[in-house]
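Following: one structure in structure tokens, then a few remarks.
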Amino acid sequence: MEKDLNKENLLVEEKKDCNLTTSSSNSEDENLNNIHNDTQEDKKQNESSSKTTKSKKKNNSKKTTIITASGCALALLIGGVSGFFIAFALSPKGFDYEGIDNSSIEDDVEAIYEDYLNSGNKDYLSYSPSDLANIAIYKYSLNEFTSSDIRSDATSLGVVQRTVGQSIKNSDEFFNESISHSTFVKVAKRFYSVEDGFDIYSGNIQTTDQGLSAEYTSDIFLDRESYEDTWGKTLDRPVIYNISSKTVLEGSSISQEENGNYIIDLKLDPVKSVVRYVKQMIQMSSLSDAPEFDFVNVTFEVDSELNLLEMNVHEAYYVWVVGKNYTEAYLTETFHIYSEAKQIPSIEEKTYYED
């Protein structure tokens, strides 16, 4: 009996152990399954994270490319503009006329005129163009009472700069007025000769129904030597261009019109002929650098007695204003001779010009 009970107890214990083993095994399997599932989830999350990271990197790469390209374009633009201004600032501008001595390129005009009078030669076609022009200019300067009217148009970059004015000579008294205007530049100047120099007035341009005029306020004084050094001429010098055997080029000519007048057509050296003229241009237009001339053509019309009637100029040059700009200009000056003095306007009086 006792043995039977012991057997039963042993069976129960073995059954318990078996159940425990089975339970433990099932638990381990569940744990393995859980670990496997967790691993798969982690893998999916990692793959998803990796894709997200790659996507971000790709987007960041695009942004970097766009920003870099924009930055390069901006840098090129800034560099290009800066380079232009640096190149413009450092590049040589204008022409240096300072080394040219006027006395070395001018003829003795008084001697040429004396030879003309002494020779009695009226065959004007036999003269050189430079000599005949100088004879006419010098003869005009000997008149006691004269005046001239001037009008010119200079075009650069589509903008026209118009200049009008007049000169008057009464014996030893000289007067000149020049009014120049365009969309961007407006300049008015008056010059009065005084005993030992010149009074130079600056004014404001006005346009009314009567025409173009100026009202003058400020003035400066220059002695005769300083005036010639600054403006290139004296008021008793009718023509500011250097015309001589050293400045007149081949291709210049003299011809006679049907009305008996003569045309003196001069092709001038674009450097030597403008040594005086560029000083006037610098002052009138407030240029920082002297213009560089391309060509200068000057034509005079004189009568059968070599009285100066008209001067026509066609010229072209470069000026430096935020770049090298080509300018083409036409000028006409008409000369008059009087038997008595012509009234010179006071500084308070206005002269009106047709615009």
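The values are calculated or read from the model by the stated rules, or taken from the named source; none is laboratory data. All values derive from a computational prediction rather than experimental measurement. Here the Cβ positions follow ideal geometry from the backbone for every residue, glycine too, while neighbour counts run over all protein chains shown. We work out accessible area using only protein heavy atoms, side chains counted, and drop any ligands, DNA or RNA first. Shrake-Rupley method; radii C 1.70, N 1.55, O 1.52, S 1.80 Å.
Structure data summary
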{"quantity": "Pairs where the first residue, in region 208-219, is of a type in the set (D, E, K, R) and the second is open to solvent by 30 Å² or more (accessible area, probe 1.4 Å) and part of a strand (DSSP E or B), C-beta under 9 Å, 6+ apart", "calculated": "Glu215/Asn204; Glu215/Ile205; Glu215/Gln206; Asp219/Tyr192; Asp219/Asp199; Asp219/Tyr201; Asp219/Ser202"}
{"quantity": "Some residue of region 120-129 being on the phi > 0 side of the Ramachandran plot, of a type in the set (Gly, Ala, Ser) and out of contact with any Pro (no Cβ under 9 Å at 6 or more places or on another chain)", "calculated": "yes"}
{"quantity": "Criterion (touching a Ser or Thr at 6+ places or on another chain (Cβ under 8 Å), under 17 Å from Leu157 (Cβ atoms) and at pLDDT 95 or above) met by exactly one of Ala316, Ala341", "calculated": "Ala316"}
{"quantity": "Count of residues meeting criterion [in contact with a His (Cβ under 9 Å, 6 or more places away or on another chain) and open to solvent by less than 30 Å² (accessible area, probe 1.4 Å)] in region 140-151", "calculated": "3"}
{"quantity": "In region 328-353, residue nearest to Asp303 (Cα to Cα) [restricted to those that are open to solvent by less than 70 Å² (accessible area, probe 1.4 Å) and within 27 Å of the chain's Cα centre (by Cα)]", "calculated": "Glu333"}
{"quantity": "Selection from region 170-211 of residues that are under 26 Å from the mean Cα position of the chain (by Cα) and of a type in the set (Asp, Glu)", "calculated": "Glu177"}
{"quantity": "Identity of the residue in region 95-130, within 33 Å of the chain's Cα centre (by Cα) and not in a helix (DSSP H, G or I), that ends up surrounded by the fewest Cβ atoms within 10 Å (Cβ to Cβ)", "calculated": "Gly99"}
{"quantity": "Any chance Lys189 is in contact (Cβ under 8 Å) with a residue 60 or more places away in the chain, touching a Leu at 6+ places or on another chain (Cβ under 9 Å) and at negative phi", "calculated": "no"}
{"quantity": "Check on Val298, in contact with a strand residue (DSSP E or B) (Cβ under 8 Å, 6 or more places away or on another chain) and touching a residue at least 12 places away in the same chain (Cβ under 8 Å)", "calculated": "yes"}
{"quantity": "Members of region 143-191 found to be part of a loop (DSSP other than H, G, I, E, B) and polar (S, T, N, Q), listed by number", "calculated": "Asn143, Ser171, Ser182, Thr183"}
{"quantity": "Ile137 vs. criteria modelled with pLDDT of 95 or more, among the β-branched types (Val, Ile, Thr) and surrounded by 20 or more Cβ atoms within 10 Å (Cβ to Cβ)", "calculated": "yes"}
{"quantity": "Which numbered condition Ala154 fails, given (1) more than 21 Å from Leu266 (Cβ to Cβ); (2) crowded, with 16+ Cβ neighbours inside 10 Å", "calculated": "(1)"}
{"quantity": "Filtered residues of region 181-213 (kept if β-branched (Val, Ile, Thr) and open to solvent by 20 Å² or more (accessible area, probe 1.4 Å))", "calculated": "Thr183, Val185, Val187, Val194, Ile205, Thr207, Thr208"}
